[in-house]
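Values in this text are rule-based calculations from the coordinates and carry no lab data. Note that the structure is a prediction, hence the values are computed from the model and not measured.
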Amino acid sequence: MAFWLDLMFGSDVGLMSMIVVIATALLISFYAGYFIYKVMKSDPDQAGR
């Protein structure tokens with residue numbers, strides 16, 4: 001465990017890699033939540049318009 005913590009947070013490259021991974025996960029979660037919200041809110045009568 002100490003090896004992985006040193007690898008991730010011991011250098012600038014590891015820290016930037018973790019920031020990129022976390023930002024990507026947050027963006028995917030946001031877009032998935034927004035998509036689900038729009039699907040739940042949509043009106044079925046206006047599907048073909």
- Using helices alone, what [θ] at 222 nm do you get for the chain, with -39,500 (n - 2.57) per DSSP H run of 4 or more residues, divided over all residues and rounded to the nearest 500? -26500 deg cm²/dmol
- How large is log10 I(q)/I(0) at q = 0.15 Å⁻¹ when the Debye formula is applied to the Cα atoms of the chain, each weighted equally and without solvent? -0.58
- Query: Could you give the length gained on full extension between ILE36 and LEU7, defined as 0.36 nm per residue of separation minus the Cα-Cα distance, in nm?
  - Reply: 6.8 nm
